[in-house]
Amino acid sequence: MIVCKFGGTSVQDAEAMTRLAQIISARCKQQPIIVASAMGKTTNQLLEVAQTAAKGKRQEALDLLAKIKERHLREAQKLGIAVTEDWVYETINTYFKEMRDLVKGLAALCELTPRIMDAIASYGERLSTAILTQVLENNGMPAQLMDARQCIITDDNFTRAGVLFDLTDRAIVECLRPVIKAGKIPVFQGFIGRTGSGATTTIGRGGSDYTAAIIGAALEADDIQIWTDVDGIMTTDPRMVKEARRIRVISFDEAAELAYFGAKVLHPATIIPAVRKRIPVHVLNSYRPEQEGTLITEEAPPCENPVKAIAFKSGITVVNVASTRMLMAYGFLKKIFEIFDHYKVPVDVVSTSEVSVSLTVDDASALWDIITELKKIGEVNVEGSKSIICCVGDNLKNIPGVLSIVFGALQDLQIQMISQGASAINITFVIDDDRLPEAVRGLHDAIFARVDPHIFV
Ligand code: ADP
Ligand code: ASP
Ligand code: MG
């Protein structure tokens, strides 16, 4: 059994869906279970509809919604679906009617809660999977549309809900048993779940990868395949460096660091369920299915290059807290972290000196409350428009002189907050946002001037 997850670009239009049907058809013997994202950009558009409505701009929101409907109908009709009043046509109409009602409610109340955001966002995946199921049927495959909300059971932390694994694992096995017995190909929505009391939730942006891993782990699948729009995990984001090379094999630990520090190609949480059950993960290109992609596995083979990939995240805020009271005192760090914890704001990188602490945060929305609290314990200064760069490689701990290669490539840049995690497989630092492209390109040139042909293509 294999789990195949198709991201937004892999289901973005009629052509992509046709390509996808061919990929699945070639894997029928391996008992594929399908997980799909919303059609590319739909999630953002649906959230924009909700935000527009909550500002009281009812007609503008309804017009945006009508455009999203038009696109879904148009792509479905190109595939010969929803032409007559078939079930897909009915489903699309029903979903958009429900969304219009939500928009009217939002416009009247002028208030948008995370719960309603999840309710609206969930329609993206529900629409794409309805169309996809019929595409598979039309290509001669017996497909069964599933409701991921019956299986992925979460807490009520809307927009970033935590998965309740005991309930979820059991529900997945129970829901799938009859479908698999009937020889059908199940089609699940990625990204969405529900609380114990039945409210729709989402598990964080980019979460369809995570859904695939959760289902794969529950079923002890042989392989989890993440089908996307690039050849696999690359030495850096190919949108930033077009010479980026494909990595053939990478360890779970390395992939987790990369994902956490911004390599969007894989949702960071994806690794957790896969590691738990030691299931290999493949990252593959749905536009070039003949490519072998990247294998993520427990242990990667030895590599001559010290760094395997460079990840980065821009739009980061650095918070510096200084206090002479920290000198020789204990409990200072604890107090700082308690404040971030209270506002549920994750901290990515931390560096300390004897009298100050610097922390980076990705989400600055609760920052002013946090700063008010921090000011009670020290002097606070905030720097916006920063980027984190993270060089990852199992081999970093073995190869001497790595730091001189990394920092040698960045000689003209001001670097802050250099840190190396305890796992010693990453080197992380912070620079100004506007220097990010030159830093990543310079680093990439220096590190991958020569590559180990066993690991990179
Ligand atoms: P999907 O919709 O299939 O989930 P995403 O857009 O979430 O796809 O992720 C794929 C994108 O991740 C690629 O188009 C690429 O620009 C970006 N990316 C960032 N870092 C990397 C990397 N190291 N290797 C490959 N892709 C990366
Ligand atoms: N559609 C969701 C998003 O855009 C989930 C995903 O694509 O993985 O975040
Ligand atoms: Mg993604």
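At-a-glance table
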quantity: Complete set of residues in the range 2-26 that are of a type in the set (Asp, Glu) and within 14 Å of ligand 1 (Cβ to nearest atom); calculated: Asp13
quantity: Condition check for Ser197: within 30 Å of Pro453 (Cβ to Cβ) and more than 12 Å from ligand 1 (Cβ to nearest atom); calculated: no
quantity: Any hit, the range 251-258, residues being open to solvent by 30 Å² or more (accessible area, probe 1.4 Å), outside any helix (DSSP H, G or I) and out of contact with any Phe, Trp or Tyr (no Cβ under 8 Å at 6 or more places or on another chain); calculated: no
quantity: Residue in the range 146-161 that is away from ligand 2 (no atom under 16 Å from the Cβ), in a helix (DSSP H, G or I) and either at pLDDT 95 or above or farther than 30 Å from Phe312 by Cα (or both) present; calculated: yes
quantity: Failed condition for Gly193, given (1) within 16 Å of ligand 2 (Cβ to nearest atom); (2) in a helix (DSSP H, G or I); (3) more than 24 Å from Ser25 (Cα to Cα); (4) open to solvent by less than 10 Å² (accessible area, probe 1.4 Å); calculated: (2)
quantity: Filtered residue count, the range 337-366, keeping only those that are surrounded by 18 or more Cβ atoms within 10 Å (Cβ to Cβ), β-branched (Val, Ile, Thr) and within 14 Å of Gln416 (Cβ to Cβ); calculated: 3
quantity: Scope the range 372-384; condition more than 22 Å from Lys313 (Cα to Cα), touching a strand residue (DSSP E or B) at 6+ places or on another chain (Cβ under 6 Å) and open to solvent by less than 50 Å² (accessible area, probe 1.4 Å); matching residues; calculated: Leu374, Gly378, Val380
quantity: Failed condition for Ala221, given (1) touching a strand residue (DSSP E or B) at 6+ places or on another chain (Cβ under 8 Å); (2) more than 16 Å from ligand 2 (Cβ to nearest atom); (3) in a helix (DSSP H, G or I); calculated: (3)
quantity: Helices (runs of 4 or more DSSP H) completely within the range 1-94 that count 2 or more residues being out of contact with any helix residue (DSSP H, G or I) (no Cβ under 7 Å at 6 or more places or on another chain) and more than 16 Å from ligand 3 (Cβ to nearest atom); calculated: 14-25, 58-78
quantity: Among the residues listed as Ala121, Ala171, Ala107, the single one being open to solvent by less than 70 Å² (accessible area, probe 1.4 Å), assigned to a helix (DSSP H, G or I), among the hydrophobic types (A, V, I, L, M, F, W, C) and over 27 Å from Lys57 (Cα atoms); calculated: Ala171
quantity: Sole exception among (1) closer than 17 Å to Ile250 by Cβ; (2) part of a loop (DSSP other than H, G, I, E, B); (3) open to solvent by less than 40 Å² (accessible area, probe 1.4 Å) for Pro453, by number; calculated: (3)
quantity: Some residue of the range 428-449 being surrounded by fewer than 16 Cβ atoms within 10 Å (Cβ to Cβ), part of a loop (DSSP other than H, G, I, E, B) and not hydroxyl-bearing (Ser, Thr, Tyr); calculated: yes
quantity: Residue list for the range 359-409, filter: among the hydrophobic types (A, V, I, L, M, F, W, C) and at pLDDT below 90; calculated: Ala364, Ala366, Ile377, Leu396, Ile399, Val402, Leu403, Ile405, Val406, Phe407, Ala409
quantity: Where a residue in the range 397-413 is touching a residue at least 40 places away in the same chain (Cβ under 8 Å) and its partner, wherever it lies, is in a helix (DSSP H, G or I), with Cβ under 8 Å and at least six apart; calculated: Val402/Leu396; Ile405/Ala446; Ile405/Ile447; Val406/Leu443; Val406/Ala446; Val406/Ile447
quantity: Filter result (free of Cβ contacts under 8 Å to residues at least 24 places away in the same chain and either crowded, with 16+ Cβ neighbours inside 10 Å or of a type in the set (S, T, N, Q) (or both)) within the range 18-44; calculated: Asn44
quantity: Matching residues in the range 46-61 - criterion: being crowded, with 19+ Cβ neighbours inside 10 Å and without any contact (Cβ under 8 Å) to a residue 60 or more places away in the chain; calculated: Thr52, Ala53, Ala54, Ala61
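The rows are residues; the columns are (1) surrounded by 17 or more Cβ atoms within 10 Å (Cβ to Cβ); (2) more than 16 Å from ligand 3 (Cβ to nearest atom); (3) more than 20 Å from the chain's Cα centre (by Cα); (4) not hydroxyl-bearing (Ser, Thr, Tyr).
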| residue | (1), (2), (3), (4) |
| --- | --- |
| Gly293 | yes, no, no, yes |
| Ile296 | yes, no, no, yes |
| Val307 | yes, yes, yes, yes |
| Gly315 | no, yes, no, yes |
| Lys335 | no, yes, yes, yes |
| Trp368 | no, yes, yes, yes |
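The values are calculated or read from the model by the stated rules, or taken from the named source; none is laboratory data. Bear in mind that the values here come from a model prediction, so they are computed numbers and not experimental data. Counting neighbours? That spans all protein chains shown, and the Cβs are built from the backbone with ideal geometry, glycine included. Note: accessible area is taken over every heavy atom of the protein model, side chains too, but ligands, DNA and RNA are not part of it. Shrake-Rupley method; radii C 1.70, N 1.55, O 1.52, S 1.80 Å.
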